[in-house]
Amino acid sequence: LHIEAHSFPTRRSSDLFKLEGHMYSNFNFLQNDWQGLAKIGEMAEYILYKDPNTAIMKLRQFGEELINTMIKIENFSCDKNTLAVDKILILKRAGLIPDDIDNILHSLRKKGNKAAHGAYGDEKTAETLLSLAVKLGAWFQEIYGTDMSFHSETIEYKKPENIDYEKEYQKLVER
């Protein structure tokens, strides 16, 4: 997979979502507590239509980052070679992840692996996984976030606009 360096803006994609009134990120609710997760999710949204394969790999990364954060918060010890599948199993056996979240984590992992090892992934698949990642992130925020009034059910996935983000970004630069 070859990606030209100039195809991505130099500023964080989250800046794009905030600076343009009509642009929105499904991952804004993660911004206060989990900026790294929010950024990965936003990157997947940013590249969804342009390169679904890369979006799927970003969503796998989102799942892995979330798992690693849980492992750290819950004080489990894993060495750096522990696979994501094994970390999910550790969390599942400890009763920390319900079945629906377990299924989402495995979907992101498996489809992400397929995308990483070949030209796998169309827009529909990437978008479905994106919506699942939003659900996953909302669950995570409810359980581990600092906002005690946050409820995951209040988060509604919105399909990202298929707009030219580079063009919108250029408008920001020229202002």
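The values are calculated or read from the model by the stated rules, or taken from the named source; none is laboratory data. Because the structure is a prediction, the values reported are computed rather than measured. In this analysis, Cβ positions are derived from the backbone assuming ideal geometry, glycine residues included, and neighbour counts consider all displayed protein chains. Side chains are part of the model used for accessible areas, which takes the heavy atoms of the whole protein and leaves out ligands, DNA and RNA. Shrake-Rupley method; radii C 1.70, N 1.55, O 1.52, S 1.80 Å.
Values for this structure:
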{"item": "Of all residues making up the range 6-38, the number that are assigned to a helix (DSSP H, G or I) and modelled with pLDDT under 90", "result": "9"}
{"item": "Residue count, the range 99-131 (criterion: assigned to a loop (DSSP other than H, G, I, E, B), in contact (Cβ under 8 Å) with a residue 24 or more places away in the chain and not hydrophobic (A, V, I, L, M, F, W, C))", "result": "3"}
{"item": "Among (1) modelled with pLDDT of 90 or more; (2) surrounded by 23 or more Cβ atoms within 10 Å (Cβ to Cβ); (3) in a helix (DSSP H, G or I); (4) not charged (D, E, K, R), the one test that Asn53 misses", "result": "(2)"}
{"item": "Neighbours by Cβ (under 8 Å, 6+ apart or cross-chain): first from the range 50-64, closer than 13 Å to Leu132 by Cα and in contact (Cβ under 8 Å) with a residue 12 or more places away in the chain; second of a type in the set (Ser, Thr, Tyr) and in a helix (DSSP H, G or I)", "result": "Ile56/Thr125"}
{"item": "Residue match in the range 161-175 (condition: of a type in the set (Val, Ile, Thr), surrounded by fewer than 19 Cβ atoms within 10 Å (Cβ to Cβ) and modelled with pLDDT of 95 or more)", "result": "no"}
{"item": "The range 35-48, subset open to solvent by 50 Å² or more (accessible area, probe 1.4 Å) and of a type outside the set (D, E, K, R), residue farthest from Ile73 (Cα to Cα)", "result": "Met43"}
{"item": "Residue match in the range 118-132 (condition: surrounded by fewer than 17 Cβ atoms within 10 Å (Cβ to Cβ), within 18 Å of Ile71 (Cα to Cα) and among the small types (Gly, Ala, Ser))", "result": "no"}
